[in-house]
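The values are calculated or read from the model by the stated rules, or taken from the named source; none is laboratory data. Since the structure is predicted, the reported quantities are computational estimates derived from the model, not experimental observations. Cβ sites come from the backbone with ideal geometry, for glycine too, and all protein chains shown count toward neighbours.
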């Protein structure tokens, strides 16, 4: 019962955190099906054809960054890029990989309040999509 209550509390806190910050990410390792903690992640915005870094973070033990967008800014419509530093992560795990980083460029059109970018990762391939 205690574990159920703790799990419910963490699930509720994660939901509240997602609702408060408009951009989150999640990295899962397809080789073992486990989260990928300690992946460095950057967020950039494109303005006038140039990329400007807005934030950087690192995935937690569940492979998540729940608040990637800067807290003091309002999310505007536009083009953004999340870059996952996958090569560094694989090196730290003594594995070779083909992709030193995975950039994901996406459009914020204002149709939803929260943008979640999951990355399914393996040493020689990856997949991503707009999550919720």
Revision key, fill the gap. Filtering segment 63-94 for residues that are in contact with a helix residue (DSSP H, G or I) (Cβ under 9 Å, 6 or more places away or on another chain) and assigned to a loop (DSSP other than H, G, I, E, B) leaves a count of 3
Practice item. Inspect all residues belonging to segment 114-121 and state whether any of them is out of contact with any helix residue (DSSP H, G or I) (no Cβ under 6 Å at 6 or more places or on another chain) and free of Cβ contacts under 8 Å to residues at least 60 places away in the same chain. Key: no
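Residue by residue, here is whether (1) modelled with pLDDT of 95 or more; (2) under 13 Å from residue 23 (Cβ atoms) holds:
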site: 53; (1), (2): yes, no
site: 64; (1), (2): yes, yes
site: 73; (1), (2): no, yes
site: 80; (1), (2): yes, yes
site: 106; (1), (2): yes, yes
site: 112; (1), (2): no, yes
site: 118; (1), (2): yes, yes
site: 127; (1), (2): yes, no
Exercise for review: Answer yes or no as to whether residue 98 is surrounded by fewer than 17 Cβ atoms within 10 Å (Cβ to Cβ), touching a residue at least 12 places away in the same chain (Cβ under 8 Å), out of contact with any strand residue (DSSP E or B) (no Cβ under 7 Å at 6 or more places or on another chain) and within 19 Å of residue 127 (Cβ to Cβ).
Suggested key: yes
Exercise for review: Considering only residues that are touching a residue at least 40 places away in the same chain (Cβ under 8 Å) and in a strand (DSSP E or B), look in segment 30-42 and name the one that is surrounded by the fewest Cβ atoms within 10 Å (Cβ to Cβ).
Suggested key: 40
Review point. Among the residues of segment 1-29, which ones are surrounded by 15 or more Cβ atoms within 10 Å (Cβ to Cβ), over 17 Å from residue 55 (Cβ atoms) and either modelled with pLDDT under 50 or over 15 Å from the mean Cα position of the chain (by Cα) (or both)?
Key: none
